[in-house]
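The values are calculated or read from the model by the stated rules, or taken from the named source; none is laboratory data. Since the structure is predicted, the reported quantities are computational estimates derived from the model, not experimental observations. Cβ placement follows ideal geometry from the backbone for every residue including glycine, while neighbour counts extend to all protein chains displayed.
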Amino acid sequence: MTETKNHKPIREPLFHLAKRDNLPRHKALLIRLAAILVGMLIVCLFGLLIVGWDPFRIISTIFDGTFGTPNRRWDLFEKTAILLCISLAVTPAFRMRFWNIGAEGQTLIACLASVTCMLKIGDKVPNPVLLLIMVTASIIAGAVWAIIPAVFKAFWNTNETLFTLMMNYIATQITAYYVYIWSVPKGSGHIGIINANTKAGWLVSIGDYPYLLNILIVIVMTIVSYIYLNHCKHGYEISVVGESEKTARYIGINVKVVILRTMAISGAICGLAGFLIVAGADHTIIAGSVGGQGFTAIMVSWLAKFNPIAMAFFAFLIAFLGKGAKEITTLTGLDSSFADIVTGFVIFCIIGCEFFINFTIKFRKKEALPGAEAAKAEPVSENTEEQKDAVPETEEKNEEAIPDNDGKEGSEQ
Amino acid sequence: MSEQTASSATAATPNVSGSPVPAIELRNITKTFGEVIANQGINLSVYRGEILSILGENGSGKTTLMNMISGIYFPDSGHIFIDGEEVLIRSPKDAFRYKIGMIHQHFKLIDVFTATENIVLGLNDGRYDLPAYEERVREICGRYGFVLDPKKKIYDMSVSEKQTVEIIKVLYRGADILILDEPTAVLTPQETDRLFDVLRRMRDDGKAIIIITHKLHEVMALSDKVAVLCKGRYIGTVVTKETNEAKLTEMMVGEKVDLNIHRSEPKNPVPRLIVKGLNCKNEDGIAVLKNISFTAQSGEILGIAGIAGSGQRELLESIAGLQRLESGEITYMNPSTEKEENLRNKSPRQIRELGVRLSFVPEDRLGMGLVGNMGIIDNMMLRSYESGRGFFLNRTAPASLADQIISDLQVVTPNAKTPVRRLSGGNVQKVLVGREIASAPTVLMVAYPVRGLDINSSFTIYRLLNEQKEKGVSIIFVGEDLDVLIELCDRILVLSSGSISGIVDPRVTPEGMTLKEQIGLLMTKKVDETAADTAADSSEKPAVADSAAVQTEITPASENGGKEAPNDGNQES
Amino acid sequence: MTLFFSFIRRAVMQGVPLLYGSTGEIITEKSGHLNLGIPGIMYMGAIGGVIGGFFYEQTGADFGLWYVRLFAILIALTCSLVFSCLMGLLYCFLTVSLRANQNVTGLALTTFGVGVGNFFGGSLIKISHADVPTVTLTKTSGCFAKHLGFVDSVNKAAQAGKCPQILAELCQTVFSYSFLAYLSIIIALVAAHVLMKTRTGLTLRAVGEDPATADAAGINVNRYKYVSTCLGSMIAGLGGLYYIMDYASGVWSSDGFGDRGWLSVALVIFSLWRPGLAIIGSFIFGGMYIIHNYIGGQKLFFLTIPKLSMQAQELFKMSPYVMTLLVLIFVSIKEKKEALPPAHLGQNYFREER
């Protein structure tokens, strides 16, 4: 290596990135918490500059807006519940690496199904039966809306992201169509509260808590989802298909069936969310009934790394920020979109921090060998943790060392 | 061949083109990956107007060596000279600058681009003028005799056309040192001949050409000099005219290494798996298995030897239900019910439901056999998760199995839930083999089970296989190390480009050559239809063949070699 | 006949923001990045222009002077470009440098961008303590919406009977738009040319198809991703600017931009990732968006088209998405390689990944 120095200096990158997957859980948690704090810091700065409030006031208002009165608390938990429900819905598909960004449409079409039942048979059947019909209709509607892209993905490998995205707007326009048809008074474009007098198709409130049933249903769904994904054969199949289709075929999983089934479930839970929105909270429908929660849910699911329990936390965080920020705008008379900005800042920070969880930056030592590969082959050992990691790393290189064998199999395909 | 002969061969290397200094010269190149020595003390030189073949078995370090010339790896020590001047090649860009062009096995081409667009991608030479580029491509084609439409899209191309694009790509960049990494592995014989014509024309044009291969007849037909590597070490360079296939084989396989693997006699073998007339095509419609017939018997290890990509993967996957067959029958003799089951074109699940206890350790451990991001327990479940009634997973049985495997096979892991991706190669393999054995198979197929493993782990695997054999399991062992195959297996089936070129009894040394050389010759032998039939017939013979049986094996082989003299044998091209 | 021409004109005006959005998104997607933040970025482009124009108008400059008008345009344009470029940079930083999931980042960007747009659009007066009732940039908008003078004179001539009516209509249909409308077509044509006929385009497409191959060919993959995404964002942002300054006459209304951002994304698929086709596609989409105002009651041979009800309009608004879906399905079944999305769309590139 002494020859190296006689030649012209080599421009090496200062650092290179390496994947890591052995970050202890508490460290990862710490990084995420730090990111949320940084996000809040940006929010405070933004508030200081634009609203003119000091950080303390901003934070206290956010807390007041969310926890200040019982009503606010219930509202907060209801919002969390709906968002969590939709997040749970998209999760099975995401675990399968099926990028379903159509939760918005799947939920909306389910809302529409619920509303249809309320309007058409609201006065013909007793309330429990009506609710049962509504929930069934919603689930079927959501599932159908989700299966359509799944069929095309499974059989023709149609890009599911773009497909589900388009389905959202088709659902929106169909809903807008019916909203006009059913609008009261005619042509106004508003349906208004449905069955306000009979309360037919309204989810019963337990005691004096109007949203309690909503929340309970979602809590149950969270637990069910967790069990389904982690302790059921189906959930296991989903994980295997998501990790490697090759392995799935190797052990005899019918990949197409899993794709269709999982998307049906995904859509069905969206359907349930739609039912909860209509029957449990809004009792009406507009084209924006879901209000972008279908998209927010995707972020929630991803931020929680598809873990239903962590999702509850992130759904709460986003509902909390949104509602708290709205309180600021109510007090100041500013536009309510301030809430989107606040959540945006925090989400960006969390998205960014994932990098530090998944990658490590390895700085090149000054006396390192020239040539990227040469330096890479040397495991950087800074602490004992890295040392542990070093063993599999060299093993990986071993396989690389004999590319003769790996090579041909690939090119045969 | 001894070290002395090797060095004298290097010294005596004649300078074919007459130029005073080699176009490229390597001195004492060494490269290690962790503990594994990929290359040790390699010396090579190629002059302009010369074709050098680098010959070696799989894993002998040929590709690593070439990757160092093309700037993908950087050597640990040693020197590289271009035209007599020492150079440092740190990146593919450096290699370009020294006019070194490498044609990899994996084509780096963009499907939706035309040939020309791919060729000029990344170049920066003034105005972007496609018609002019196409003209230049045509000119290069004309000069060396390529047949290529510059406007054709890559996705419309055959493998050989894609390779042509790769070659033109480096020529276009003005490369005059060309390295081809097993260029013929993907080509038909006709395409190979055409490629060789082109390469000869390039040589006559004054290019220095290095071709990596392990096909002896190609070496003899094409090259001026042959450098032989064996297990990462440099054996020597010889002039093609002054050598023959037997000598080269001897250099390539090296001396027999005694591994002391225990081998017991098969106990009352009965046919367990009968494969008849298997034909299979890959996605490109190229036949990868041609008329494969053999019988695997209980209580024996049937080895499968062959150069990489001769159809080993497809053969095992066909039996496991992962490949669509063109024709052929796979019959399983169920030892418990005495029934014959037809496995043809059945999915792995259907095979399992038939009660066939077939285990398969695939070559791609983390991509196919295991799920890298899951822990050992969850990976144990891959085979068994469906068992048990109901909707829920039962993790207790897999967990105890995982614990058992961890303790029995001494898997080094923090715990049973650590993602297997983070385990070392040997431990990954122990987990995989352990799981496949745990299902009490009657047929066990293993593909390259010791690749990348250290000695201790390898011996653990051999021991496990022998235990299974003694339990009466029929084992099919695809391996690359001939020493291992010879010491471990009861019969060795040799594949050559998708056909069976022979079945050898490793207990018997053939006359006139070593067993390794015999297998080495069979591995590179061309099999025509009749030869394949002969092989198929012979496979029906009892397992423990006497020496006469082996002789009948060899006879067609040598006849065959004679028949195909132009590409084979000692004739110069 | 007049109705027909006025339909075309309205369709074109509807189409221009979509064309900007989809040209920008095509450039971005060609580098392999599915930027679902486009709707947010277009909002940002719009609000950037509004903020710039608002504060300039607040200075009380005399818009009668030509250089003041020019300055107004430049300020609004610059602010718009800066805002959308910042969004592009944020997206790149997260997805290219930090390798975050593209879908999630894009959606977050959209939420954020729409939020910023609506927030400032609704609260600009309050924040700046300005003494005006609404954010109405009539003056700045007037500068942007200026069209060629001779169109009016031709119109007058036609009204006076000095030239045929059809000529005036034709003239109006071709020449009556503001400079941003023409710019959108020029940009789309330039983008089409650059993508298909230049080295830069070839390299960019290579990056989106197979970054590893591009990397091996010595191309700086990340630089191409950054530049194309930021450039794409800026172009998309102009769509928002056009909408607010020309189409909406400088009046900000909350969520007024609607789902045009998503329509732009749809248009990318509809036009098979070709900016040239996107020009035609944008006018078709624009036409779909407003056709319900124009049909109904006419006789088409012997069929009388019924007057459309309000609700039917909503179904008509759905048609661009349905058509896009059909195109998406059709190309994936046909497997025509050129019509498929860039092969690495949506996947981040990490060189050391094996």
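Restricting to region C:161-208, what's the tally of residues that are touching a Pro at 6+ places or on another chain (Cβ under 6 Å) and either under 24 Å from C:GLY15 (Cβ atoms) or without any contact (Cβ under 8 Å) to a residue 60 or more places away in the chain (or both)? Break it down stepwise before answering.
In the first step, residues of region C:161-208 are kept if they are touching a Pro at 6+ places or on another chain (Cβ under 6 Å); the result is C:188, C:191-192, C:208.
Of the ones still in play, those that are also either under 24 Å from C:GLY15 (Cβ atoms) or without any contact (Cβ under 8 Å) to a residue 60 or more places away in the chain (or both) are C:188, C:191-192.
Of the residues in that region, 3 qualify.
Among the residues of region C:109-153, count how many are part of a loop (DSSP other than H, G, I, E, B) and within 25 Å of C:TYR182 (Cα to Cα). Even if it seems obvious, please write down each step before you answer.
From region C:109-153, those part of a loop (DSSP other than H, G, I, E, B) are C:129-135, C:137, C:145-148; that's our starting set.
After this cut, where a residue has to be within 25 Å of C:TYR182 (Cα to Cα) as well, the list is C:137, C:145-148.
Adding up the residues that qualify gives 5.
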Residue by residue through region A:138-181, note down the ones that are at the interface with chain C (Cβ under 9 Å from one of its Cβ atoms), over 25 Å from C:GLY258 (Cβ atoms) and either small (Gly, Ala, Ser) or not in a helix (DSSP H, G or I) (or both). A:ASN157, A:THR158
For B:LEU464, work out the one condition from (1) assigned to a loop (DSSP other than H, G, I, E, B); (2) under 29 Å from the mean Cα position of the chain (by Cα); (3) not polar (S, T, N, Q) it doesn't fulfil. (1)
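Hey, which of the strands (runs of 3 or more DSSP E) in region B:143-237, taking only ones fully inside, have at least 1 residues that are among the polar types (S, T, N, Q) and either surrounded by 18 or more Cβ atoms within 10 Å (Cβ to Cβ) or modelled with pLDDT of 90 or more (or both)?
B:208-213
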Check off (1) touching an Asp or Glu at 6+ places or on another chain (Cβ under 8 Å); (2) within 23 Å of B:MET220 (Cβ to Cβ); (3) at pLDDT below 85 for B:TYR73 and give me the number that stays unchecked. (2)
Considering residues that are touching a Leu at 6+ places or on another chain (Cβ under 8 Å), at pLDDT below 85 and among the polar types (S, T, N, Q), the number found within region B:387-437 is 1
Among the residues of region B:384-398, are any within 11 Å of chain A (Cβ to nearest Cβ), in contact (Cβ under 8 Å) with a residue 60 or more places away in the chain and among the aromatic types (Phe, Trp, Tyr)? no
Hey, does region B:511-528 have a residue that's surrounded by fewer than 23 Cβ atoms within 10 Å (Cβ to Cβ) and modelled with pLDDT under 50? no
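Please go through region B:167-190 and give me each residue that is on the phi > 0 side of the Ramachandran plot and away from chain A (no Cβ under 14 Å), ordered by number. It would help to see each step written out before you state the result.
Just the residues of region B:167-190 that are on the phi > 0 side of the Ramachandran plot, to begin with: B:174, B:182.
Matches in region B:167-190: B:GLY174 only.
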If I filter region A:238-252 down to residues being more than 8 Å from every other protein chain (Cβ to nearest Cβ) and touching a residue at least 12 places away in the same chain (Cβ under 8 Å), which single residue comes out as nearest to B:PRO362 (Cα to Cα)? A:VAL241
Among the residues in region B:87-97, are any of a type in the set (Gly, Ala, Ser) and in the same structural domain as B:GLU166 (by TED's automatic domain parsing)? no
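The rows are residues; the columns are (1) farther than 24 Å from C:ASP210 by Cα; (2) touching a strand residue (DSSP E or B) at 6+ places or on another chain (Cβ under 9 Å); (3) of a type outside the set (S, T, N, Q).
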{"residue": "B:TYR155", "(1), (2), (3)": "no, no, yes"}
{"residue": "B:SER160", "(1), (2), (3)": "no, no, no"}
{"residue": "B:GLU166", "(1), (2), (3)": "no, yes, yes"}
{"residue": "B:PRO189", "(1), (2), (3)": "yes, no, yes"}
{"residue": "B:LEU195", "(1), (2), (3)": "yes, yes, yes"}
Identify all residues within region A:301-340 that are outside any helix (DSSP H, G or I) and closer than 27 Å to C:SER123 by Cβ; write none if there are none. A:GLY333, A:LEU334, A:ASP335, A:SER336, A:SER337
Does A:LYS233 meet the test of being within 23 Å of B:ARG395 (Cβ to Cβ), surrounded by fewer than 19 Cβ atoms within 10 Å (Cβ to Cβ), under 18 Å from the mean Cα position of the chain (by Cα) and among the charged types (D, E, K, R)? no
Pick from region A:171-216 the residues that are farther than 15 Å from A:ILE285 by Cα and of a type in the set (Val, Ile, Thr): which of them is nearest to the chain's Cα centre (by Cα)? A:ILE215
Mind counting the residues in region A:185-209 that are without any contact (Cβ under 8 Å) to a residue 40 or more places away in the chain and within 14 Å of chain C (Cβ to nearest Cβ)? 5
Of (1) away from chain A (no Cβ under 12 Å); (2) under 15 Å from B:ASP364 (Cα atoms); (3) part of a helix (DSSP H, G or I); (4) not small (Gly, Ala, Ser), B:GLU436 fails just (1)
Being touching a residue at least 12 places away in the same chain (Cβ under 8 Å), surrounded by 15 or more Cβ atoms within 10 Å (Cβ to Cβ), of a type in the set (Asp, Glu) and under 20 Å from A:GLU245 (Cα atoms) is the requirement here; does B:ASP364 meet it? no
